[in-house]
Amino acid sequence: MTTELRRLRNYIGGEFRDAADGRTTDVVNPATGEVYATAPLSGAADVDAAMAAAEAAFPAWRDLVPADRQKALLKIADAMEERAEELIEAECRDTGKPLGLTRSEEIPPMIDQVRFFAGAARMLEGRSGGEYMEGLTSFVRREPVGVCAQVAPWNYPMMMAVWKFAPALAAGNTVVLKPSDTTPASTVLLAEILGSVLPKGVFNVVCGDRDTGRLMVEHPVPAMASITGSVRAGTEVAASAAKDVKRVHLELGGKAPVVVFEDADLAKAVEGITEAGFFNAGQDCTAATRVLVHESVHDEFVAALAKAAADTKTGQPDDEDILYGALNNADQLAKVSGFIERLPAHAKVETGGRRVGERGYFYAPTVVSGLRQDDEIVQNEVFGPVITVQPFTDEQQALEYANGVEYALASSVWTKDHGRAMRMSKALDFGCVWINTHIPLVAEMPHGGFKKSGYGKDLSAYGFDDYTRIKHVMTSLDG
């Protein structure tokens, strides 16, 4: 991985271009803390140009038969597969992720997801037509919504870009996508790949900061705004979109409870939770970072989890034996450190709780016990390699603690009791419940939460439907 300064550019109307006013922002490699590239800091003129390009391209893309959109997406998936190593390098330089795990755990599902939505393009479902009033036939048209303004996060910049553009394009929409200002490289490379397949203006990339994203959401052209990010960002987007009744798709924060009962296979639970809690440095809205364990096995579980955490390694992207790399940026390192520094006196850091090294933004795998339900670190999303552990006495208290946060994205239950697993899966107020596992996702199943975790679904036919609108057509039978 080289350190030469690169120049990233927007992709608008089939052309790579700088910001209209020439402004740029630095892009930092989090594994070293060094600037390695610049990207456009796009303003109103750039957003206007991208929206105009997407709007002009929409009618022709909308009117393609679904089979042709499918062919385009399949070509995109093939091209991504052929250029996988370039995508991996771009992603890991922006995020500090391990090269090997990105190659094995992110690239294959991403390509599979594009292919899934290629198939979904031909499955525009509606209720069958029929006569519901004498002399009249009704049927339903399912149509694309129009231009989609999409904002992707920095924790999974490449995969979240796929989750956004693939269903939108499959449904017949055109896209203006903004990557995070700290992780634009893989999205710019995706623009090159998609641009080799799609007509000009169907897919556009605008780099920039929060103000750029705000301009996109406020713009009059998009019919829909989609964002994956913080609750703060989501509420701002929802409020802004409400001014012109724009459709909104929000995937926000999470604080996943991991409920471990006394009959669970503790060794398997420790192994699964360690991986699901520390993968991607815990920078995952579904991360297994809030463990609730039955009091009868609490001490045994904490000791085993602390040992597993202490044995977990972080390091440079090309290290072969690491589970995770650096935190994404200096602000995130300060945020994670702040949670540990503010721990109440009754909390105990079992292992970790410190920065690793002076170069880059690395943080040690951390386990914290002795916590109470109203503690800050229990209630708020840390988004770092920190797992908290709380004891519970019975199933009712486990549910009370699990549901007792403002987030509702994902959860898991660890037990050998089938009846208990079914009761918990019904009562847990989260968009996903895993049983005796945590964090696997598949293209065919929906991902999305409730409460302050947002609304709308990614992946699956439900995610595809979110990028469509429904029209009733009624015709007289008498000609």
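The values are calculated or read from the model by the stated rules, or taken from the named source; none is laboratory data. Predicted model only: the values in this text are computed from it and were never measured. A quick note on method: Cβ atoms are made from the backbone with ideal geometry, for glycine too, and the neighbour counts reach across all protein chains shown. Quick note on the areas: whole protein, heavy atoms, side chains included, nothing else; ligands and nucleic acids left out. Shrake-Rupley method; radii C 1.70, N 1.55, O 1.52, S 1.80 Å.
Observations
- Residue in segment 320-341 that is under 30 Å from Glu262 (Cβ atoms), in a helix (DSSP H, G or I), aliphatic (A, V, I, L, M) and open to solvent by 30 Å² or more (accessible area, probe 1.4 Å) present: no
- Of all residues in segment 1-55, those being open to solvent by 50 Å² or more (accessible area, probe 1.4 Å), under 30 Å from Ile322 (Cβ atoms) and of a type outside the set (Lys, Arg) number 8.
- Test: residue in segment 154-165 that is assigned to a loop (DSSP other than H, G, I, E, B), out of contact with any Pro (no Cβ under 7 Å at 6 or more places or on another chain) and closer than 19 Å to Ile111 by Cβ: yes
- Checked against (1) closer than 15 Å to Tyr455 by Cβ; (2) β-branched (Val, Ile, Thr); (3) open to solvent by 20 Å² or more (accessible area, probe 1.4 Å), Thr228 passes all but a single condition, namely (3).
- Helices (runs of 4 or more DSSP H) completely within segment 227-313 that count 2 or more residues being outside the structural domain of Thr468 (by the TED database) and out of contact with any strand residue (DSSP E or B) (no Cβ under 6 Å at 6 or more places or on another chain): 266-278, 298-311
- Selection within segment 129-143 - in contact (Cβ under 8 Å) with a residue 12 or more places away in the chain and either charged (D, E, K, R) or buried (at least 24 other Cβ atoms within 10 Å of the Cβ) (or both): Glu131, Arg141, Arg142, Glu143
- The criterion of being charged (D, E, K, R), under 28 Å from Val27 (Cα atoms) and open to solvent by 70 Å² or more (accessible area, probe 1.4 Å) does not hold for Arg247.
- Screening segment 49-152 for helices (runs of 4 or more DSSP H) wholly inside it with 2 or more residues that are over 26 Å from the mean Cα position of the chain (by Cα) returns the ranges 66-82.
- Selection status of Ala185, among the hydrophobic types (A, V, I, L, M, F, W, C) and either closer than 25 Å to Ala53 by Cβ or in contact with a His (Cβ under 8 Å, 6 or more places away or on another chain) (or both): yes
- Filter result (out of contact with any Ser or Thr (no Cβ under 7 Å at 6 or more places or on another chain) and surrounded by fewer than 18 Cβ atoms within 10 Å (Cβ to Cβ)) within segment 204-213: Arg210, Asp211
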